1. What distance in nm separates the simple spin-label points at residue B:64 and residue A:26, each placed 7 Å from Cα in the Cβ direction?
2. Report, by chain and number, residues whose modeled amide H sits under 5 Å from the one on residue B:86, excluding near sequence neighbours (fewer than 5 apart, same chain).
3. For residue A:51, which sequence-distant residues (separation of 5 or more, or a different chain) have an amide H within less than 5 Å of its own amide H, given hydrogens modelled in the peptide plane?
4. Which of the three applies to region B:81-201, rounded, prolate or oblate, going by the alpha-carbon gyration tensor with a ≥ b ≥ c and a/c under 1.5 meaning rounded?
5. Return the distance in nm (one decimal) between the two label points of a simple spin-label model at residue B:116 and residue B:96, each offset 7 Å from Cα along Cα→Cβ.
6. Along region A:19-30, what does the Karplus equation 6.51 cos²θ - 1.76 cosθ + 1.60 (θ = phi - 60°) give for ³J(HN,Hα), rounded to whole Hz, x for Gly and Pro?
7. When only C-alpha pairs under 8 Å and at least 6 residues apart count, what is the relative contact order of chain A, in percent?
8. What distance in nm separates the two pseudo spin-label positions at residue A:72 and residue A:40, each 7 Å out from Cα along the beta-carbon direction?
Amino acid sequence: MSKIEERLERVSPNERPVLPSELLERKQLYFQCGEEITTKRDVELLGDDCLLWASEFPHEATRTDMRKLVKEHFGRKDLSREAKKKIIYDNAKRFYAL
Amino acid sequence: MTNRQRNPRIIDADGHVRETDEEIIEYMSAAYRNRRDAMLYFPLTPHHGWHRSIPANDFRPSDFRVPDWREWASKLDEGNFELTVLYPTRFMHIGQIGNPPYAVELCRAYNDYLHDKFLSRDRRFRGMALLPLQDPSAAAKELRRAVNKCGMLGGILPADGLPLPLGHRQYWPLFQEADRLGCALSIHSCNSLRDNDRYLQPNEAPVQQHHVFRPDEQTKKSPARLPRSRLRLGRVLNEQDRGAS
């Protein structure tokens, strides 16, 4: 995203499309990566309003115990309680307009 | 501990159905159903290609599940999910269909299948519609049908296969429809079909599968101009740190 913005900033303001960072600010752009080991970094770079949690069931053979998946998410020490709640509920509710 | 802490609210933003050609053809028009044997001789879509959930090519039947709605519902119970939003598996390759009327037919059939086999069976199942961007006005029409008639939450943009980048003006009718509907649009990764046999090598596929998104092309234009639209990128940024193993 930083590369995109770097390139787009060279375009004249009259012709330049909306930057990804503006889309994030407007809460129009989301990423599903809330269950990954890199999520802490993602929160630092993108904020915690744009990340979504997913089970990906039945795609991953090692991720079929839903209780365990949820426990793992809420047991994470690298994310704040607020971030965890946003990732596993609030953001999806907003994205899907539920 | 409060009740909310004991029973947190959970939305699964990305679950999957494992649709089969034998099921989908039942929702296609008579012209296709009447030629069932011929149609099913080859896969209805370019095939997905590899068993991602089988570690190191060590096949164990219990690892690969094709859940019906009852099995999926038991998983919702198990995790105490409020709901799951369902995406396809094989039909994620819809972008690789070259024939527009055929793509339109497949998308309609898949969306009808999803509604009949899952969404109408349990209120906790919600779905995202498959869209035939090969014909953008048909895609807009199908999105409208899927959202208004089938209760779906939005549409899926193919991550691979289309001849033009997703931000191209040709696809704007679809984005404008999504904005009118106020619904979500999602890009979910799928593996490229180039050298598909190579993905049978251990550990190669999980790295390759997430490198489909091309941000310079796809974030350029119209989704950003549409105030009510929201765009989700499936598993784009997160696998970079793992590297090839």
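1. Taking the two extended label points, one gets 4.4 nm.
2. B:15, B:126, B:127, B:128
3. So residue A:51 has HN proximity to A:31.
4. Taking the square roots of the gyration eigenvalues as a ≥ b ≥ c, region B:81-201 is oblate.
5. Label-label distance for residue B:116 and residue B:96, simple model: 2.6 nm.
6. Values per residue, Gly and Pro as x: 6, x, 5, 5, 4, 5, 4, 7, 6, 10, 10, 9 Hz.
7. The normalised contact order for chain A reaches 24 percent.
8. According to this spin-label approximation, the distance is 1.7 nm.
Values in this text are rule-based calculations from the coordinates and carry no lab data. The structure presented is a predicted model; accordingly, all values stated were derived computationally and were not measured. Don't worry about glycine lacking a Cβ; one is built from the backbone with ideal geometry, like all the others, and counts go over all protein chains shown.
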